[in-house]
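Before any comments, here is the structure.
What follows is calculated from the coordinates using simple rules that are stated; it is not laboratory data. This structure is a prediction, so every number in the text was calculated from the model and none was measured. With ideal geometry, Cβ positions are generated from the backbone for all residues, glycine too; neighbour counts draw on all protein chains shown.
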Amino acid sequence: MNSEEIFALTENYIAPTYNRFPLALVKGEGVKLWDAEGNEYLDCLAGIAVCNLGHCHPQVSAAIAAQAAQLMHVSNLYHIEPQARLAKLLCELSFAEKVFFCNSGAEANEAAIKLARRYGHEVLGEGAKRIITMHHSFHGRTMATITATGQKKVQTGYQPLLDGFDYVPFNDVEAVAATITEKTCAVLVEPVQGEGGVILPAAGYLNRLRELCDERGVLLIFDEVQTGIGRTGAFFAHQHSAIAPDIMTAAKALGNGFPIGAMLAGDRVMCHFGPGSHASTFGGNPLASAAALATLETVRDQGIVDKVAKTGAFLIDGLQRLKQSFPEIIGEIRGLGLMVGVDLQVPVAEVVGICLKHRLLVGSAGDNTLRITPPLIIEKAEIETLLQILTEVLTDVKNRQA
Ligand SMILES: Cc1ncc(COP(=O)(O)O)c(C=O)c1O
């Protein structure tokens with residue numbers, strides 16, 4: 001099929017929930033993608049922080065093919081070897097002692113919310129069900145997770161929302177302290193806010209949240225759906241702060257593009273889930289677990305995470321130089337590892353659209369932030385290409401304004 005035919009099918013048959021660019025991608029390898037006409041693109045979005053190892057990484061594709069030929073699915077009524085091995089590896093790579101598997105970030109957060117409420121009910125007292133989340137956060141699109149999300153735009157039209165959520169500004173520990181009551185069971189926070197516009201935690205913020213939650217006896221939940229699996233230059237972003245949450249969620253890059261999510265906790269907390277308390281038909285099935293196991297082993301064995309800090313610093317340096325050339329277009333630049341946001345003083349959607357014409361995929365976040373989240377395997381030469389294209393795009397934008 002050619003691109004026009006694919007666009008027409010989409011238009012006719014797919015629910016109109018996405019504002020799609022006129023682009024139909026059919027093939028990928030590493031940081032490159034190709035459309036239906038064979039045009040090549042540089043991917044600096046990675047499916048929004050999903051394909052951390054690049055597209056169709058040979059080890060991940062081989063693991064999926066081998067598992068698909070052997071056993072794709074059995075119920076969680078039975079033991080599943082790749083799932084058990086994946087859980088062990090996730091625990092070795094994090095603070096966790098037990099893992100619950102699901103299929104997406106929203107489901108992982110649903111599981112975290114349910115576990116926190118159950119912990120509240122059984123440990124803190126019957127009414128301790130409330131969860132504190134942050135303004136401009138993003139936790140998913142299910143009813144519980146849009147309620148947890150501190151952004152009105154994802155909630156519009158879906159009321160009544162779930163009861164039991166309180167919202168405070170990000171980076172404000174005092175506001176959390178003032179909001180915790182005997183009815184609170186947990187604080188839920190992204191270590192770096194992604195959809196909110198790549199907002200970094202202030203120095204010491206996560207550590208102070210940890211201390212506060214300990215003092216007040218409530219759980220600390222880190223949503224690492226976007227920040228996890230090496231994205232920020234640590235396997236999980238909170239590890240930069242040398243602290244551990246009570247519950248953590250992961251998804252996105254966990255399967256390098258194969259859908260899988262996970263909710264992780266220590267035994268002290270996870271023991272409040274028992275048989276029948278939560279479940280997912282596909283959660284951690286053999287195929288998804290094999291994909292995630294190969295992903296994590298590759299990230300670990302190829303030292304991918306260690307390279308991220310350097311590559312990220314190289315990218316930020318280049319962007320700062322770009323800002324000097326285009327001070328009227330580029331505002332603040334924020335980033336941790338290869339999770340980078342560039343505030344723009346021109347409409348970001350327009351810039352992303354022009355980038356596409358230059359065969360570069362980047363994204364947007366927050367109010368007007370250009371989002372750059374390339375595969376973690378991106379080389380310096382490819383970052384130079386990215387910067388070169390951005391220079392051409394911003395020159396184009398500047399000329400249009402003149
Ligand atoms: C921090 C965070 N949490 C949760 C989600 C939801 O994940 P999913 O789309 O897999 O449900 C996202 C998605 O962007 C996210 O960035």
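Of note:
- The chain: relative contact order as a whole-number percent, Cα under 8 Å and 6+ apart: 22 percent
- For region 247-264, 3J(HN,Hα) computed residue by residue from phi via the Karplus equation (6.51, -1.76, 1.60; θ = phi - 60°) reads 9, 9, 10, 9, 6, 5, 6, 4, x, 6, x, 7, x, 7, x, 8, 10, 10 Hz, glycine and proline entered as x.
- DSSP-assigned coil residues among GluC sites (Glu not before Pro) in region 171-270, each with at most 14 further Cβ atoms within 10 Å: GLU182
- Residues ASP396, ASP267, ASP343 arranged by fewest to most Cβ contacts within 10 Å: ASP267, ASP396, ASP343
- For region 30-87 versus region 337-388, the spacing of their alpha-carbon centroids is 23 Å.
- Region 291-383 shape via C-alpha gyration tensor axes, a/c threshold 1.5: prolate
- GNM result for the chain, Cα springs below 10 Å: residue of ILE229, ILE378, ILE243 fluctuating most strongly: ILE243
- Proximal charge balance of LYS27 [Cβ under 15 Å; K/R count +1, D/E count -1]: -3
- Kirkwood-Stokes translational diffusion coefficient of region 1-116, alpha-carbon pairs, 10 °C, 1.306 mPa s, µm²/s: 89 µm²/s
- Anisotropy class of region 335-378 from Cα gyration tensor, a/c 1.5 cut: oblate
- Simple rule: put +1 on each Lys or Arg Cβ and -1 on each Asp or Glu Cβ in the chain, find the dipole, and look at PHE7, PRO374, LEU89; the Cα lying farthest toward the positive end is LEU89.
- Placing unit charges on the Cβ atoms only, positive for Lys and Arg and negative for Asp and Glu, gives the chain a dipole magnitude near 220 debye about its Cα centre.
- Fewest-first ordering of SER364, SER137, SER277 by other beta carbons within 10 Å of each residue's beta carbon gives SER277, SER364, SER137.
- For the Cα trace of region 104-159, dividing Rg by the Kirkwood Rh returns an Rg/Rh value of 1.01.
- Seen from ASN52, the other residues with C-beta closer than 10 Å to its C-beta sum to a net charge of +2, counting Lys and Arg as +1 and Asp and Glu as -1.
- Low-density loop positions, chymotrypsin sites (Phe, Trp or Tyr not before Pro), region 1-68 - DSSP coil, at most 15 other Cβ in 10 Å: TYR18
- Relative contact order for region 127-249, counting Cα pairs under 8 Å that sit 6 or more residues apart, in percent: 24 percent
- The chymotrypsin sites (Phe, Trp or Tyr not before Pro) of region 267-355 meeting both criteria, a DSSP state outside H, G, I, E and B (loop) and at most 16 other C-beta atoms within 10 angstrom of the site's C-beta, are PHE282.
- Least to most buried among ILE6, ILE180, ILE372 (fewest other Cβ within 10 Å first): ILE6, ILE180, ILE372
- Rounded to 10°, Cα long-axis angle of helix 58-70 versus longest principal axis of the chain: 60 degrees
- C-alpha long axis of helix 304-325 to longest principal axis of the chain, angle in °: 50 degrees
- Using alpha-carbon coordinates, inclination of helix 205-216 to the longest axis of the chain, degrees: 10 degrees
- Charge context of ALA402, other residues only, Cβ under 14 angstrom, K/R +1, D/E -1: 0
- With helices as the sole contributors, the chain gives -12000 deg cm²/dmol at 222 nm; each DSSP H run of n ≥ 4 counts as -39500 (n - 2.57), and the sum is divided by every residue.
- Alpha-carbon gyration tensor eigenvalues x 5, square-rooted, for the chain, Å: 34, 26, 20
- 3J(HN,Hα) couplings calculated from phi for region 32-40 with the Karplus curve 6.51 cos²θ - 1.76 cosθ + 1.60 (θ = phi - 60°) are, in sequence order, 10, 10, 10, 8, 5, 9, x, 6, 9 Hz; Gly and Pro show x.
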